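Here, each number is a calculation from the coordinates, and none is a lab measurement. Just so it is clear, the model here is predicted, and its values are computed rather than measured. Cβ placement follows ideal geometry from the backbone for every residue including glycine, while neighbour counts extend to all protein chains displayed.
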């Protein structure tokens, strides 16, 4: 949860957050709302976003959105336009992960991950390019695994590398319209995404010891970075990948022998 007050940096702004029923998406919706924005919380879990919108109260709206569906994106665009104010912030947090070797990954699973993570991002960027007629800020969610390749995360890594590429292209294409596009690349964050059975054989204790800051991150810590990229303090920042990973992306250190 947010431990300190959030300045009202997004007063009079309108934000759309996908994947807002849980994890980073839910934390982002709370944070942007606390910063003064009108927030549209969307997810395939419509009941989940309706509960959260009810908790947030005024300036919070909930709607179903399947990020792989062009029709759903058109419908949410129409809903926002009809309700006002103009969309100025879009955070595409919806996504999924799966873990298996390339030889053991069914093509259908590769396509599922690419549809959710990469095609979903593409459709989000298309909406932003159409709807943000007065400028705005788009934050896509890539991953540390979209920066550093990781064994057994081929489908996920490919999709998240692609998210970074699409975001940079959009940053170039949308700059003249005043739309900034940046990617956030979380490392190990405590969210439901790694609670799938295919992650059960990971030695999480050993992994945490490899993180320079010595712990996993929280969704709220990622949301604070998203708030920075959404607001005026980052007005000259576009086309970047911002790692939120406790230092893992900086490199590694040589393990030391234990004293005898």
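In table form, for the structure just shown:
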{"read-out": "Matching residues in region 124-141 - criterion: being crowded, with 18+ Cβ neighbours inside 10 Å and in a helix (DSSP H, G or I)", "value": "124, 125, 127, 128, 131"}
{"read-out": "Output for region 45-61, where each listed residue is without any contact (Cβ under 8 Å) to a residue 24 or more places away in the chain, at negative phi and not in a helix (DSSP H, G or I)", "value": "58, 61"}
{"read-out": "Output for region 101-123, where each listed residue is part of a loop (DSSP other than H, G, I, E, B) and in contact with a strand residue (DSSP E or B) (Cβ under 9 Å, 6 or more places away or on another chain)", "value": "106"}
{"read-out": "Criterion: surrounded by 16 or more Cβ atoms within 10 Å (Cβ to Cβ) and more than 14 Å from the chain's Cα centre (by Cα) - qualifying residue of 231, 249", "value": "231"}
{"read-out": "Subset tally (residues that are more than 13 Å from residue 238 (Cβ to Cβ) and in contact with a helix residue (DSSP H, G or I) (Cβ under 7 Å, 6 or more places away or on another chain)) for region 133-148", "value": "8"}
{"read-out": "Conditions (1) buried (at least 17 other Cβ atoms within 10 Å of the Cβ); (2) closer than 26 Å to residue 171 by Cα; (3) in contact with a strand residue (DSSP E or B) (Cβ under 6 Å, 6 or more places away or on another chain); number of the one not met by residue 53", "value": "(2)"}
{"read-out": "Some residue of region 125-133 being touching a strand residue (DSSP E or B) at 6+ places or on another chain (Cβ under 9 Å) and more than 21 Å from residue 75 (Cβ to Cβ)", "value": "no"}
{"read-out": "Filter pass, residue 79 being under 29 Å from residue 235 (Cβ atoms) and either free of Cβ contacts under 8 Å to residues at least 24 places away in the same chain or surrounded by fewer than 17 Cβ atoms within 10 Å (Cβ to Cβ) (or both)", "value": "yes"}
